[in-house]
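Here the structure is laid out as structure tokens; the discussion comes afterwards.
The values are calculated or read from the model by the stated rules, or taken from the named source; none is laboratory data. What you are looking at is a predicted structure, and each value in this text was computed from that prediction instead of being measured. Please note: Cβ atoms are built from the backbone with ideal geometry, for glycine as well, and neighbour counts cover all protein chains shown. Protein only, heavy atoms only, side chains kept; ligands, DNA and RNA dropped before computing areas. Shrake-Rupley method; radii C 1.70, N 1.55, O 1.52, S 1.80 Å.
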Amino acid sequence: GMIPKGFGNLPKIALLRINNCTLEGELPPELFVSTSLRMMVVSDNNLNGSLPDELYGATSLQMLDLSSNEFSGTVSTDIGNLKALKTLELQSNKFVGTMPSTLGLLSNLETVYVSFNLFNGTVPEEVCDLRNSSAKFTELVADCNGTLPRVTCTCCSACEVGL
């Protein structure tokens, strides 16, 4: 099934965990109405489409786990608005383009998993600067291994071969 739009009518929801539920379709923008939303885990489903712009307004988010789905498109530079974010799990999707340099603005980051996607280019200098200056930012995993790595990364904690 699909994620019910009615979840957006829960203004005080702080935690939304609907992983491994064979959900499909896109992330409803209504999910991000709550100003209390701190954790969203929708991993291991069949969700697809681009990330809604409303996601980048969920400034209370501390954990965003969208891993193991079929999400596509790019990650907006507006991800830099998610100042509370500690954990970002985007691995095993179909995201394209480069990682936004605005990830480097997220001073609370601890873990970022972006492997097994279609990202290309170089992990931005701003992200590496943050990782090198923050004792908390211990995990950064991208597709930077193999004979033809998709991503160049000088500051990753681990490199995957990727897709």
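Structure summary
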quantity: Accessible surface, 1.4 Å probe, highest first, among residues S115, S36, S50; calculated: S50, S36, S115
quantity: C-alpha center-to-center spacing [region 1-37, region 51-128] in angstrom; calculated: 18 Å
quantity: Relative contact order [Cα under 8 Å, 6+ residues apart], the chain, whole percent; calculated: 14 percent
quantity: Region 115-163: GluC sites (Glu not before Pro) in DSSP coil with no more than 14 other Cβ atoms inside 10 Å; calculated: none
quantity: GNM flexibility winner over the chain from S107, S133, S68 (Cα, springs under 10 Å); calculated: S133
quantity: For region 62-163, alpha-carbon Rg and Dmax in angstrom; calculated: 12.1, 36
quantity: T74 paired with T152, simple spin-label distance in nm, labels 7 Å along Cα-to-beta-carbon; calculated: 1.9 nm
quantity: Accessible area of L103 in the full protein assembly, 1.4 Å probe (Å², nearest 10); calculated: 10 Å²
quantity: Value of [θ]222 nm, deg cm²/dmol, for the chain, DSSP H segments ≥ 4, -39500 (n - 2.57) each, nearest 500; calculated: -1500 deg cm²/dmol
quantity: Of all accessible heavy-atom area on the chain, the percent that carbon and sulfur account for (1.4 Å); calculated: 49 percent
quantity: Loop-located trypsin sites (Lys or Arg not before Pro) in region 80-163 whose Cβ has at most 15 other Cβ within 10 Å (DSSP); calculated: K83, K136
quantity: Average projected area [Cα convex hull, region 19-71], square nanometres; calculated: 3.2 nm²
quantity: Gaussian network model of the chain, springs between alpha carbon atoms under 10 Å - residue of N19, N81, N132 with greatest fluctuation; calculated: N132
quantity: Approximate shape of region 87-145 as ellipsoid semi-axes (Cα gyration tensor, √5λ), whole Å, largest first; calculated: 19, 12, 9
quantity: About the Cα centre, charge dipole magnitude for the chain (Lys/Arg +1, Asp/Glu -1 at Cβ), debye; calculated: 360 debye
quantity: Per residue accessible area in Å² of the chain, where ligands, DNA and RNA are left out and the probe is 1.4 Å; calculated: 47 Å²
